[in-house]
Amino acid sequence: MCAAHKTTAGILGAAGIALAATVLAGCAPDPAPAAAQASPSPSLTESAVAVAWMNGFCGAVKDFIEGNNKMTSATGETVAAIKKSTSDQLGHYATILNKTVDGLGALPAAPVPAGETAKKDFLGKYTSARDKIVKAKADLDAAGRNDTAAQARAVEGLISAQKDTHGALDPVAAILGAPELKTAAATAERCRP
């Protein structure tokens, strides 16, 4: 804390005035720290954007995995019962694939190019899988009641779609080359196992 001292003009003189001005200037608060604290640093903002983006990217894939784990196997005593069960299975798979495609498609632009590349790759795989499943279900539903060949084609369509998705189950591995996203994935809630 600065204290003002009473001095006489004769003692103070020109040098004293300069010294007094220097001492008083030293008492003034430094406005720089207050200004720096008031505005968030750009890296924090960029970090928050990266975490939010990774949360969305991981979340879309996690929703698919959870939905896939709930898919039941086709069962039945007759060809017609198996056909209906397979159609239901394909319908469930189409629904979760469509939700994943929508989730990935709704993501904003990635904060770094590696994220955009990963998003495009995953979106391509899930879209391909969805289209195969929709076709397999439509073909099966249009087939005759006891058409075992249609059943076999539907199963082939399901296997082909699953191969597409198997290459897009680990969103974190897809961005390991981007340090910003790798760091963001470590704190993004939906990226946790």
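The values are calculated or read from the model by the stated rules, or taken from the named source; none is laboratory data. These numbers come from a predicted model, not from an experiment. In this analysis, Cβ positions are derived from the backbone assuming ideal geometry, glycine residues included, and neighbour counts consider all displayed protein chains. Ligands, DNA and RNA are stripped out before the accessible areas are found, and what is left, the full protein with its side chains, is counted by its heavy atoms. Shrake-Rupley method; radii C 1.70, N 1.55, O 1.52, S 1.80 Å.
Name the residues in the range 51-80 that are modelled with pLDDT under 90 and over 15 Å from N98 (Cβ atoms), would you?
So the first thing to find is which residues in the range 51-80 are modelled with pLDDT under 90, and the list is 71-80.
Answer for the range 51-80, where residues must be modelled with pLDDT under 90 and over 15 Å from N98 (Cβ atoms): T72, S73, A74, T75, G76, E77, T78, V79, A80.
Would you confirm, using the coordinates I've provided, whether A184 is under 14 Å from the mean Cα position of the chain (by Cα), open to solvent by 20 Å² or more (accessible area, probe 1.4 Å) and of a type in the set (A, V, I, L, M, F, W, C)?
Working: under 14 Å from the mean Cα position of the chain (by Cα): yes; open to solvent by 20 Å² or more (accessible area, probe 1.4 Å): no; of a type in the set (A, V, I, L, M, F, W, C): yes.
No.
Report, ordered by the first and then the second residue, all pairs with beta carbons closer than 6 Å, sequence separation of six or more or different chains, a first member in the range 100-114 that is touching a residue at least 60 places away in the same chain (Cβ under 8 Å), and a second member that is surrounded by 12 or more Cβ atoms within 10 Å (Cβ to Cβ) and of a type in the set (D, E).
That search, which allows pairs on different chains as well, returns A110/E116; V112/E180.
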